[in-house]
Amino acid sequence: MKEVHDHFSHLSESYKKFRPSYPEELYLEILKFVDKKDNCWDCGTGNGQVAVELSKYFKKVFATDISQKQIDSAAKQKNIFYSRVRAEQSGFEENKFDLITAAQAVHWFDFDEFNREVLRVAKDGAVLAIWGYGLIEVTDPTNKLIRHFYKDTIGTYWNLERKHIDHAYETIPFNFKQLNSDSKFIINQNWNLKQLEGYLNTWSGVKNYMKDHDGKNPVLEWIASLKSIWGEHEKRKSDFLFFSKPEGLKNKTFFIQI
């Protein structure tokens, strides 16, 4: 099985504060394909933002992550049950879940083992919803500077798993049939430069760069160069291009490409 790495424990508070949330329309689209709403598993829950939203619809939400610090900082609800386990070895009983989700997380998993675990713990007709988002989009010339920072400044410091984000998860193997959806989603933010800085500091590529450069943070110099374009206190529309892969399992198998 693939070796597990915890990349985000040291970023738990920043992750909670600066990572974007997902539009309500996404959850409603996924839930259209879920027949029963007894048990849901949010895998790689991180700060628990998905678990909290799903707790509004499901009797019980089981949220797991490999980072105890992420779990400790996650939002709590009476019907959310957090635990520290691997995605590929959940420890849940068979045929338990009506919906399984993994938001901006599945690229870290051992794909074959995770697929097997999903099939083991999912009910007949359950849905597996996998989604994530790509590089932030603002306006030119800001976008050019962001892409330069992403590819040229820290490009060689991204973990290999990042390539799956760049390819919108098309490189990740799933063994389920497809059901298309015409819905398109964008994560809309209205950020000032400080918020953008906070978000960039949650990037694993930035942390890897800092490890190799005696703690020097490349974000600081880059943000300083952006002030004349962005404005130090101005808020600007900042969007994340969104990709999503909900899939149905077992007897009622389907796959939704959003």
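The values are calculated or read from the model by the stated rules, or taken from the named source; none is laboratory data. Just so we're clear, the structure is a prediction, and the values are computed from it rather than from any experiment. Cβ atoms come from the backbone with ideal geometry, glycine included; neighbour counts cover every protein chain shown. Surface accessibility is based on the protein's heavy atoms, side chains included, excluding ligands, DNA and RNA. Shrake-Rupley method; radii C 1.70, N 1.55, O 1.52, S 1.80 Å.
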Over 27 Å (Cα to Cα) - which of Lys60/Lys207; Lys144/Lys235; Lys151/Lys237 fall in this group
Lys60/Lys207
Which one of Leu135, Tyr22, Phe58 has its Cα pushed farthest toward the positive end of the charge dipole of the chain, where Lys and Arg give +1 and Asp and Glu give -1 at the Cβ?
Phe58
In the stretch 140-217, the GluC sites (Glu not before Pro) that sit in a DSSP loop and have at most 16 other Cβ atoms within 10 Å of their own Cβ are Glu161, Glu170
Using just the helices of the chain, give the 222 nm mean residue ellipticity in deg cm²/dmol: DSSP H runs with n ≥ 4 each add -39,500 (n - 2.57), and the total is spread over all residues, rounded to 500.
-8500 deg cm²/dmol
What does the highest-first list of 220-232, 37-49 look like by mean Cβ count within 10 Å?
37-49, 220-232
Under a 1.4 Å probe, what is the accessible area of the chain per residue, stated in Å²?
48
Nearest 10 degrees is fine. How inclined is helix 111-121 to the longest principal axis of the chain, computing both from alpha carbons?
40
Expressed as an acute angle from 0 to 90° and rounded to the nearest 10, what is the orientation of the C-alpha long axis of helix 218-230 relative to the principal long axis of the chain?
70
Using eta = 1.002 mPa s and T = 20 °C, Stokes-Einstein with Kirkwood Rh from Cα pairs puts D for the stretch 39-162, in µm² s⁻¹, at 135
Nonlocal amide H pairs with Thr101, under 5 Å, H built at 1.01 Å:
Trp41, Asp42, Cys43, Ala129
Count neighbours as other Cβ atoms within 10 Å of each site's Cβ, and list the trypsin sites (Lys or Arg not before Pro) in the stretch 95-178 that are DSSP loop with at most 14 such neighbours.
Lys177
Carbon/sulfur accessible area of the chain, % of total, 1.4 Å probe, equals 48
For the chain, give the share of DSSP beta bridges that are antiparallel, in percent and rounded to the nearest 5; count only bridges with both residues there.
45
Of all GluC sites (Glu not before Pro) in the stretch 12-117, which ones are in loop regions per DSSP and have a Cβ with at most 12 other Cβ atoms within 10 Å?
Glu93, Glu94
